[in-house]
1. For residue 312, are the conditions met, namely being over 30 Å from residue 429 (Cα atoms), in contact with a strand residue (DSSP E or B) (Cβ under 7 Å, 6 or more places away or on another chain), touching a residue at least 24 places away in the same chain (Cβ under 8 Å) and surrounded by fewer than 17 Cβ atoms within 10 Å (Cβ to Cβ)?
2. All but one of (1) exposed (fewer than 13 other Cβ atoms within 10 Å of the Cβ); (2) assigned to a helix (DSSP H, G or I) hold for residue 259, so report the exception by its number.
3. Among the residues that make up region 280-300, is at least one of them out of contact with any strand residue (DSSP E or B) (no Cβ under 7 Å at 6 or more places or on another chain), without any contact (Cβ under 8 Å) to a residue 12 or more places away in the chain and either surrounded by 14 or more Cβ atoms within 10 Å (Cβ to Cβ) or in a loop (DSSP other than H, G, I, E, B) (or both)?
4. Out of the residues in region 134-145 that are buried (at least 20 other Cβ atoms within 10 Å of the Cβ) and touching a helix residue (DSSP H, G or I) at 6+ places or on another chain (Cβ under 6 Å), state the one that is farthest from residue 281 (Cα to Cα).
5. Would you check which residues across region 318-356 are free of Cβ contacts under 8 Å to residues at least 24 places away in the same chain and either touching a helix residue (DSSP H, G or I) at 6+ places or on another chain (Cβ under 6 Å) or farther than 30 Å from residue 279 by Cα (or both) and list them?
6. Of everything in region 172-191, what is in a helix (DSSP H, G or I) and either in contact with a strand residue (DSSP E or B) (Cβ under 8 Å, 6 or more places away or on another chain) or surrounded by fewer than 19 Cβ atoms within 10 Å (Cβ to Cβ) (or both)? Give them in sequence order.
7. Scan region 218-235 for residues that are assigned to a helix (DSSP H, G or I) and over 15 Å from residue 25 (Cβ atoms) and jot them down.
């Protein structure tokens with residue numbers, strides 16, 4: 001009774017001091033990663049640069065206005081000999097000059113380059129948004145992969161512990177048979193070895209789960225010391241059709257959308273380059289102010305004070321006539337870049353279509369394997385139960401029982417792997433479609 005009281009007190013103390021682990025759902029894990037993940041934050045920063053450039057998209061249509069202001073102080077000495085032999089010498093001739101101007105230059109026509117530049121800024125903004133979406137899809141897929149790998153390893157741990165329970169009963173039964181004289185010492189020893197092997201597997205499995213939780217914490221960008229638990233099941237979507245994935249994939253796959261946007265940007269670059277061959281018409285206007293003040297002069301024709309100001313305006317047309325065929329070379333390069341971007345797009349499109357077919361076949365195969373293993377596990381469990389009951393009656397050997405247990409252990413491993421692999425195949429299909437993030 002005293003021993004039971006001590007054990008009960010210890011259990012109560014453990015229950016009080018060990019904090020309960022919070023259940024982290026897959027939705028919470030994804031939401032946390034989308035909010036905190038470093039790669040997503042870096043992608044957002046790149047997009048902010050594009051957004052900043054986009055905010056100045058209309059600046060190309062505005063005039064440029066520059067102001068200049070300057071002042072000069074002079075201290076001169078002169079010596080003059082005139083035609084009639086007269087000599088004039090002066091020193092300390094001080095003067096001050098102030099000059100100011102306000103110049104306006106407004107490009108009225110540049111071959112429509114300013115319009116292409118404006119549209120290009122808009123395309124870069126969309127490209128930045130697609131970069132964020134690509135990183136979001138990759139992050140969500142990574143979270144799902146790690147999260148359900150933890151669930152998978154938890155299920156494997158549960159299977160190991162179930163085997164441990166059988167091994168513990170096996171040790172007790174082998175010891176009992178030895179005690180009553182119907183068993184053998186090797187059976188007891190082998191049963192204990194098998195039990196210790198399961199205990200070692202349990203420890204290894206617990207370590208693996210802890211490591212995977214650390215990986216998930218890193219992806220979510222939370223401290224590794226955060227205590228959480230994941231769910232016990234892997235939900236599966238078994239109704240995905242090939243047509244559902246293939247339909248509209250060109251307009252939903254982030255990578256294809258990004259490559260298509262690169263083609264659009266290359267076309268706008270071609271428009272900008274072609275504009276170099278057109279005349280540029282600009283409106284020019286300026287206001288000038290100049291003041292010159294002399295403290296002394298050397299002859300009566302020089303001014304002590306002079307000030308001038310005025311306003312002017314005009315139109316300038318710059319017509320490109322010959323520039324060593326540089327514009328022609330740049331246009332050809334821009335056209336080649338368009339072809340290059342289109343080839344990249346078509347190549348990636350072909351690869352993604354192949355990846356969809358491969359992923360869907362894998363998805364269908366994994367579903368078949370899962371169905372097979374779900375039925376096989378029932379057979380393995382029933383077989384272990386029959387052999388164990390037979391072993392109790394002495395009609396089966398320890399070797400037969402160990403073989404049945406090994407079959408059950410392998411069946412559990414294949415079943416758990418089939419569930420996880422089906423989830424991975426499902427996630428890959430949704431990633432290719434771009435449906436992991438709406």
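The values are calculated or read from the model by the stated rules, or taken from the named source; none is laboratory data. Predicted model only: the values in this text are computed from it and were never measured. Glycine gets a Cβ as well: all are built from the backbone with ideal geometry, and neighbour counts include every protein chain shown.
1. Details: over 30 Å from residue 429 (Cα atoms): yes; in contact with a strand residue (DSSP E or B) (Cβ under 7 Å, 6 or more places away or on another chain): yes; touching a residue at least 24 places away in the same chain (Cβ under 8 Å): yes; surrounded by fewer than 17 Cβ atoms within 10 Å (Cβ to Cβ): yes.
Yes.
2. All conditions are met except number (1).
3. The first filter runs over region 280-300 and keeps only residues out of contact with any strand residue (DSSP E or B) (no Cβ under 7 Å at 6 or more places or on another chain), leaving 297, 299-300.
From what's left, without any contact (Cβ under 8 Å) to a residue 12 or more places away in the chain: 300.
Checking the rest, the ones that are also either surrounded by 14 or more Cβ atoms within 10 Å (Cβ to Cβ) or in a loop (DSSP other than H, G, I, E, B) (or both) come to 300.
So far as region 280-300 goes, yes, one or more of its residues are out of contact with any strand residue (DSSP E or B) (no Cβ under 7 Å at 6 or more places or on another chain), without any contact (Cβ under 8 Å) to a residue 12 or more places away in the chain and either surrounded by 14 or more Cβ atoms within 10 Å (Cβ to Cβ) or in a loop (DSSP other than H, G, I, E, B) (or both).
4. Applying the first criterion (buried (at least 20 other Cβ atoms within 10 Å of the Cβ)) to region 134-145 yields 135-137, 139-140, 143-144.
If we keep only those that are touching a helix residue (DSSP H, G or I) at 6+ places or on another chain (Cβ under 6 Å) as well, we get 135, 137, 139-140, 143-144.
Numbers: 135: 44, 137: 48, 139: 50, 140: 52, 143: 56, 144: 58 Å.
Of everything passing the filter in region 134-145, 144 is farthest from residue 281 (Cα to Cα).
5. Across region 318-356, the qualifying residues are 343, 346, 347, 350, 351, 354.
6. Initially, region 172-191 is screened for residues in a helix (DSSP H, G or I), giving 172-180, 185-191.
Correct list: 172, 175, 176, 177, 178, 179, 180, 185, 186, 189, 190.
7. We begin by selecting, within region 218-235, every residue assigned to a helix (DSSP H, G or I); these are 218-220.
Matches in region 218-235: 218, 219.
Let's see how each residue does on (1) closer than 30 Å to residue 37 by Cβ; (2) surrounded by fewer than 18 Cβ atoms within 10 Å (Cβ to Cβ):
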position: 108; (1), (2): no, yes
position: 113; (1), (2): no, no
position: 126; (1), (2): yes, yes
position: 165; (1), (2): no, yes
